[in-house]
Amino acid sequence: MAEFAVVFQQLLNGLSLGAMYSLIAIGFTLFFGVIDLINFAHGEIYMLGAFVALITVSILGGMGLIGLNFIVVLAVVLLVTMIFCALVGAAVERSVVKPMRGAPDLMTLLVTLGVSIILREAVMLFYPNGANPQAFPDLLPAGDFSLGGVLIKYEQLFLLTVAAVLVVFLYFLVNKTDYGRYMRATSQDREAAMMMGLDIDRIIVLTFMLGSALGAVAGVLNGMYYNIIKFNMGFLMGIKGFSAAVVGGLGNIYGAVVGGLLLGFLEMFAAAFIPGGSRYQDVIGFLIVIFFLVFRPSGIFHEKVYEKV
Amino acid sequence: MPKWREWLIIGLIMLLLYGFILGVIWVEDPLIVLALLGLVIGGVVWWIRQYSDSYARLFALFQRHRRVALGILTVLLVAFPFLQRENPYWIQVAVMSGLFVIMALGLNVMVGNAGLVCLGYAAFYAIGAYTSGLLTLKHDVSFWLALPLAGLLAMAFGFLLGLPALRVRGHYLALVTIAFGLVVQQLLINLEGLTGGTNGVINIPSPQIGSFSLGRPLDLGFITLPFQANFYFLVLILAGLTLFMVYRVSPSLVGLSWNAIREDQLAAQCYGIDLTKNKLWAFAFGAFFGGIAGAVYANMVGFISPENFTYTHSILVLSMILLGGIDSIPGVILGAILLTVIPEKFRAFEDWRMMFYGFIIVLMLLFKPDGLLPARTRKYTSATPAGDGSAKVTSTGAGYLAGQLDN
């Protein structure tokens with residue numbers, strides 16, 4: 001039994017990590033869907049999410065409101081963070097992505113790369129003592145319980161719940177609302193959607209806001225899970241999120257979720273069960289991605305891609 | 001105009017530029033430096049745009065007297081350590097600019113010529129540095145043998161990185177190259193037995209010529225130059241060779257094929273251009289120079305660690321290309337020099353460096369995507385003198401090479 005407990009423990013840890021990857025991957029996949037763009041600044045939005053949450057918590061603390069019910073505090077923190085990061089996402093889209101529309105792929109890719117550097121450095125330079133890791137407060141009552149030898153922390157439970165709720169919310173948004181319909185139309189054929197009278201610019205900016213808000217939540221969850229955040233944490237996470245989106249199949253929302261979970265599992269298992277694996281945890285993730293790119297570039301959720309001529 | 005007057009004009013212009021660069025080094029106040037640079041660069045860019053015909057005339061002048069211009073340039077460059085011998089720090093900066101020129105030209109082969117995004121170029125730099133550093137330190141290999149070996153090993157890794165590039169492109173390729181850079185970085189940290197882990201490699205010996213070590217001051221009898229001057233001359237020669245090679249390749253059939261792949265891969269393929277061969281060569285050829293630069297760096301500084309070869313360095317080289325002008329060889333050189341020298345003037349704002357690079361990338365792409373010295377349209381003329389109805393082919397790309405193909 002003990003063996004099983006170890007495996008399940010790693011499964012749970014992988015699920016927690018994977019859920020965060022998934023939330024970021026959804027952003028990548030949404031942007032790619034509507035505008036064929038990889039937003040390198042997305043990892044930085046995730047990092048900003050964690051920092052905005054930290055600032056919100058300290059402001060709440062300053063107002064003496066932190067003693068409130070922790071659910072209220074969490075709701076406020078998440079809401080503020082999501083709104084703020086959605087606005088940053090919209091600003092990124094309007095300031096650099098929109099002017100570059102129609103430019104070669106390479107250019108739009110590099111411009112978001114530039115933005116990612118600026119955002120990251122801004123936090124390092126302007127956040128007090130921003131070059132050093134920051135402690136992230138416990139927003140949940142600390143605690144855990146054991147289920148058949150598997151240790152489950154409240155934080156993990158919360159993380160998984162939030163991620164699941166957001167994915168369900170996204171499902172309804174995309175499939176059952178007008179906005180979701182417009183978005184799907186845009187991602188299928190932007191020009192046709194435009195000719196049907198859709199305001200493409202608005203849909204794109206809304207998509208950026210949606211994706212950024214989800215990425216920001218991942219940042220907050222990461223802060224709560226590891227209790228430490230740093231200005232440069234967005235880079236690696238952004239690359240992982242992008243990788244997860246690729247593994248799942250860029251442009252496919254469910255693919256992003258599955259890809260994120262898969263990447264999380266594989267990394268955790270590699271770290272736990274391969275001798276010396278923890279040192280190569282990141283490398284293993286990347287090798288998987290390269291493998292996928294070379295042998296199945298369209299991801300798990302295979303859609304035949306025809307080259308436009 | 002008689003020949004000697006044309007030569008005089010060329011000489012005066014080059015002296016003016018040279019004096020300007022020395023002046024920038026000499027001025028202490030970073031704000032004045034920034035104002036000067038802004039004024040001159042802005043002025044030149046404005047002039048090129050506004051009076052493109054006189055710019056073209058000047059260009060043609062330099063092209064007609066390429067040998068003379070090259071000769072004057074060589075004299076001026078060789079004179080630099082003599083003029084700055086009280087100032088070894090600036091000779092060192094010049095050496096670093098030279099190394100970055102080599103790397104930027106190498107990366108330009110991938111990104112500029114062939115349009116293959118590479119965001120992991122620092123990996124080749126690292127491979128070169130560790131190859132040469134470890135060979136000279138632990139296996140008593142002469143630097144002069146380790147140098148080409150470092151280049152060749154980097155080239156082999158370039159090939160390796162090129163393999164996935166055959167299947168993926170655009171965004172996906174960017175991801176693969178970032179992953180490649182990070183994997184190399186992780187290996188440098190984790191293969192402790194070989195690379196010394198995070199502690200790096202120390203006491204890498206200086207290159208030797210006979211019994212003379214490049215790490216010692218150069219005594220010419222009448223004058224003594226600081227030891228940095230040795231590396232300055234070494235890098236000058238290597239940068240010259242690099243320049244020669246990329247100048248030769250980019251207007252060749254291979255260079256044209258790269259440009260064709262960059263513009264439209266599918267169309268290039270339809271015209272019978274071998275994608276496999278050309279892409280692999282673009283990666284290998286570009287990587288070679290990264291390896292060379294790394295080897296020189298390792299044996300000059302004597303100490304390397306994984307921190308010298310991060311993602312940041314890849315981005316730095318990339319912003320040099322974007323600043324100067326993608327696929328424009330003079331542009332890339334200008335970008336590399338500017339981005340090495342300017343931050344040295346702003347030592348007080350060390351922390352702001354990355355922010356500065358970020359802004360350069362964004363602002364250049366938004367407002368001047370072809371860079372400060374854009375690549376010119378290249379003209380191919382047949383062997384017969386122009387004007388007799390011979391075929392003329394034009395293509396975008398590194399076009400100032402026109403004269404080179406006339407003979």
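Any residue at all in the range B:223-233 that's away from chain A (no Cβ under 14 Å), open to solvent by 20 Å² or more (accessible area, probe 1.4 Å) and assigned to a strand (DSSP E or B)? Can you show your working first?
Taking the range B:223-233 and keeping what is away from chain A (no Cβ under 14 Å), we get B:223-233.
Subsequent filtering for residues that are open to solvent by 20 Å² or more (accessible area, probe 1.4 Å) retains B:223-224, B:226-228, B:233.
Next cut, assigned to a strand (DSSP E or B) only: B:224.
The answer is yes, given that some residue of the range B:223-233 is away from chain A (no Cβ under 14 Å), open to solvent by 20 Å² or more (accessible area, probe 1.4 Å) and assigned to a strand (DSSP E or B).
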Q: Could you give me the residue pairs with C-beta distances under 8 Å whose first residue belongs to the range A:200-211 and is within 13 Å of A:ASN39 (Cβ to Cβ), whose second residue is of a type in the set (Phe, Trp, Tyr) wherever it lies, and which are 6+ apart or on separate chains?
A: A:THR207/A:PHE31; A:PHE208/A:PHE31; A:GLY211/A:PHE28; A:GLY211/A:PHE31
Q: Looking only at the range A:242-253, decide whether some residue is touching a Phe, Trp or Tyr at 6+ places or on another chain (Cβ under 6 Å), at pLDDT below 90 and more than 13 Å from chain B (Cβ to nearest Cβ).
A: yes
Q | Tabulated pairs, the range B:165-178, first within 7 Å of chain A (Cβ to nearest Cβ), second of a type outside the set (Asp, Glu) and outside any helix (DSSP H, G or I), C-beta under 6 angstrom, 6+ apart or interchain | A | B:VAL168/A:PRO297; B:HIS171/A:ILE38; B:ALA174/B:VAL117; B:ALA174/B:LEU119; B:ILE178/B:LEU119; B:ILE178/B:GLY120
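Among the listed residues B:GLY193, B:GLY215, which satisfies the condition of being open to solvent by 20 Å² or more (accessible area, probe 1.4 Å), over 17 Å from B:ILE292 (Cα atoms), part of a helix (DSSP H, G or I) and of a type outside the set (D, E, K, R)?
Details: B:GLY215 fails: part of a helix (DSSP H, G or I).
So the residue among B:GLY193, B:GLY215 that is open to solvent by 20 Å² or more (accessible area, probe 1.4 Å), over 17 Å from B:ILE292 (Cα atoms), part of a helix (DSSP H, G or I) and of a type outside the set (D, E, K, R) is B:GLY193.
Which of the following residues is modelled with pLDDT of 70 or more, over 21 Å from B:ALA129 (Cβ atoms) and aromatic (Phe, Trp, Tyr): B:PHE346, B:PHE303? Quick ask: steps written out before the conclusion?
Working: B:PHE303 fails: over 21 Å from B:ALA129 (Cβ atoms).
Being modelled with pLDDT of 70 or more, over 21 Å from B:ALA129 (Cβ atoms) and aromatic (Phe, Trp, Tyr) holds for just one of B:PHE346, B:PHE303, which is B:PHE346.
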(Q) Looking at B:ALA284, B:ALA298, B:ALA260, B:ALA293, can you tell me which residue is over 18 Å from B:TYR121 (Cα atoms) and not in a loop (DSSP other than H, G, I, E, B)? (A) B:ALA260
Q: Give just the number: which of (1) open to solvent by 60 Å² or more (accessible area, probe 1.4 Å); (2) of a type in the set (A, V, I, L, M, F, W, C); (3) within 14 Å of another protein chain (Cβ to nearest Cβ) does A:ALA91 not satisfy?
A: (1)
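Residues checked against (1) at positive phi; (2) in a helix (DSSP H, G or I); (3) in contact with a Ser or Thr (Cβ under 6 Å, 6 or more places away or on another chain); (4) crowded, with 21+ Cβ neighbours inside 10 Å:
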residue: B:VAL332; (1), (2), (3), (4): no, yes, no, yes
residue: B:TRP352; (1), (2), (3), (4): no, yes, no, no
residue: B:LEU363; (1), (2), (3), (4): no, yes, no, no
residue: B:PRO369; (1), (2), (3), (4): no, no, no, no
Q | helices (runs of 4 or more DSSP H) completely within the range A:97-199 that count 1 or more residues being within 30 Å of B:ILE360 (Cβ to Cβ) and within 14 Å of another protein chain (Cβ to nearest Cβ) | A | A:105-126
Q | Failed condition for A:GLU44, given (1) open to solvent by 20 Å² or more (accessible area, probe 1.4 Å); (2) within 14 Å of chain B (Cβ to nearest Cβ) | A | (1)
Q: Look through B:LEU36, B:LEU107 and report the one residue that is modelled with pLDDT under 90 and surrounded by 14 or more Cβ atoms within 10 Å (Cβ to Cβ).
A: B:LEU36
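Quick check on my filter: what residues within the range B:141-181 are among the hydrophobic types (A, V, I, L, M, F, W, C), assigned to a helix (DSSP H, G or I) and open to solvent by 30 Å² or more (accessible area, probe 1.4 Å)? Step through it out loud before you land on a result.
Filtering the range B:141-181 down to residues among the hydrophobic types (A, V, I, L, M, F, W, C) leaves B:141, B:143-147, B:149-150, B:152-157, B:159-161, B:163, B:165-166, B:168, B:173-176, B:178-180.
Then drop every residue that is not assigned to a helix (DSSP H, G or I), which leaves B:143-147, B:149-150, B:152-157, B:159-161, B:163, B:165-166, B:173-176, B:178-180.
If the condition is that a residue be among the hydrophobic types (A, V, I, L, M, F, W, C), assigned to a helix (DSSP H, G or I) and open to solvent by 30 Å² or more (accessible area, probe 1.4 Å), then B:TRP144, B:LEU145, B:LEU149, B:LEU152, B:LEU153, B:MET155, B:ALA156, B:PHE157, B:PHE159, B:LEU160, B:LEU163, B:LEU166 are the ones that fit.
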Q.
Can you pull out every residue in the range B:129-140 that is over 19 Å from B:SER211 (Cα atoms) and either within 22 Å of the chain's Cα centre (by Cα) or surrounded by fewer than 15 Cβ atoms within 10 Å (Cβ to Cβ) (or both)?
A. B:ALA129, B:TYR130, B:THR131, B:SER132, B:GLY133, B:LYS138
Q) What is the number of the single condition among (1) hydrophobic (A, V, I, L, M, F, W, C); (2) surrounded by fewer than 20 Cβ atoms within 10 Å (Cβ to Cβ); (3) away from every other protein chain (no Cβ under 14 Å); (4) part of a helix (DSSP H, G or I) that A:PHE208 does not meet? A) (2)
Q | the range B:65-91 residues that are farther than 17 Å from B:LEU17 by Cα, paired with ones that are in a helix (DSSP H, G or I) and open to solvent by 70 Å² or more (accessible area, probe 1.4 Å) (beta carbon under 7 Å, 6 or more apart) | A | B:HIS65/B:TRP7
Q) Name the pairs: first residue in the range A:23-39 and farther than 19 Å from A:LEU263 by Cβ and of a type in the set (Asp, Glu), second residue open to solvent by 10 Å² or more (accessible area, probe 1.4 Å) and not in a helix (DSSP H, G or I), Cβ to Cβ under 9 Å, at least 6 apart or on different chains? A) A:ASP36/A:GLY251
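Take the residues of the range B:196-209 that are open to solvent by 70 Å² or more (accessible area, probe 1.4 Å) and part of a helix (DSSP H, G or I): which is nearest to the other protein chains (Cβ to nearest Cβ)? Steps first, please.
Of the residues in the range B:196-209, the ones open to solvent by 70 Å² or more (accessible area, probe 1.4 Å) are B:198-199, B:202-203, B:208-209.
If we keep only those that are part of a helix (DSSP H, G or I) too, we end up with B:198-199.
Working: B:THR198: 12, B:ASN199: 16 Å.
That would be B:THR198.
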Q.
I'd like to know if the range A:173-193 contains one or more residues that are within 30 Å of A:VAL57 (Cα to Cα) and not polar (S, T, N, Q).
A. yes
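For (1) open to solvent by less than 30 Å² (accessible area, probe 1.4 Å); (2) touching a Ser or Thr at 6+ places or on another chain (Cβ under 7 Å); (3) in contact (Cβ under 8 Å) with a residue 12 or more places away in the chain, each residue gets a yes or a no:
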{"residue": "B:THR242", "(1), (2), (3)": "yes, no, yes"}
{"residue": "B:LEU256", "(1), (2), (3)": "no, yes, yes"}
{"residue": "B:ILE273", "(1), (2), (3)": "no, yes, yes"}
{"residue": "B:PHE289", "(1), (2), (3)": "yes, yes, yes"}
Q | Residues that are part of a helix (DSSP H, G or I), within 14 Å of chain B (Cβ to nearest Cβ) and open to solvent by 10 Å² or more (accessible area, probe 1.4 Å), drawn from the range A:1-41 | A | A:PHE32, A:GLY33, A:ILE35
Q) Identify, please: which residue in the range B:107-121 is under 13 Å from the mean Cα position of the chain (by Cα) and either within 17 Å of A:GLY114 (Cβ to Cβ) or not β-branched (Val, Ile, Thr) (or both) and is, among those, nearest to the other protein chains (Cβ to nearest Cβ)? A) B:VAL111
Q: Could you list all residues from the range B:291-316 that are away from chain A (no Cβ under 14 Å), surrounded by 22 or more Cβ atoms within 10 Å (Cβ to Cβ) and not aromatic (Phe, Trp, Tyr)?
A: B:GLY291, B:ILE292, B:ALA293, B:GLY294, B:ALA295, B:VAL296, B:ALA298, B:ASN299, B:MET300, B:ILE304
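The values are calculated or read from the model by the stated rules, or taken from the named source; none is laboratory data. This one's a predicted model, so the numbers in the text were calculated from it and none came from an experiment. Cβ coordinates were reconstructed from backbone atoms using ideal geometry, including for glycine residues, and neighbour counts include every protein chain displayed. Note: accessible area is taken over every heavy atom of the protein model, side chains too, but ligands, DNA and RNA are not part of it. Shrake-Rupley method; radii C 1.70, N 1.55, O 1.52, S 1.80 Å.
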